[in-house]
Amino acid sequence: MNAWRRPSLTWAAVLLTVSLTLAACGGGSVTTLSSPPTTDPNVILGLIQSPSGPILATGGGHALYDFAPDTPTHSACTNDGCVFQWPPLLRSGPIRVGTGVNRSLVGTLRRANGSTQLSYGGHPLYTYNLDVQPGLITGQAIDQDGGLWYVIDPAGHQIITAFSVEG
């Protein structure tokens, strides 16, 4: 008896299908595990307002986060799932800072893959994929990928108060 069997999908095909589906549904830009996150060479570190006061953000208004298990010289967010959900803010050109950002707190660290990640006050910086538009802050004080995620104030300190800003 010859039963018809559906061909199995490879992971690449599954990721491509999910990416195309999300894009077609208005998911905006989609990061896939097969391509590393990138940063605009004209990146500006700036501030946006939150319920706990001003916090560090990209020049485009996306909140920046710190991962509690990180150290000033090492990112603990290295597996594909973590990097997918929390893309590191990578340096690919000059670093510019906006009003209220202390240039002396801006630093870098070398990631395991050789890329250069920006840090602030010794905290490696990340964006959050669920913050799909500027001004959203949905990853604050959540426990994910082995640790807590926090936004950073202009003095370079973690804000540990739980809150969210949704559109």
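Laboratory data are not the source of any read-out in this text; all were calculated from the coordinates shown. Since the model is a prediction, treat every value here as computed from it, not as a measurement. Positions of Cβ are generated from backbone atoms using ideal geometry, with glycine treated the same way; all protein chains shown enter the neighbour counts.
Return the long-range amide H neighbours of Val165 (sequence gap of 5 or more, or a different chain), with a cut-off of under 5 Å between placed amide H atoms.
Ile137, Thr138
Excluding Ile152 itself, what net charge comes from residues whose Cβ is under 12 Å from its Cβ, given Lys and Arg +1 and Asp and Glu -1?
So the surrounding residues net to -3.
If amide hydrogens are placed 1.01 Å from N in the peptide plane, which non-local residues have theirs closer than 5 Å to the one on Ile142?
Counting only residues 5 or more places away or on other chains, the set is Trp149.
What number comes out for the charge environment of Thr71, summing +1 per Lys or Arg and -1 per Asp or Glu over other residues with Cβ under 14 Å away?
With Lys, Arg at +1 and Asp, Glu at -1, the neighbours total 0.
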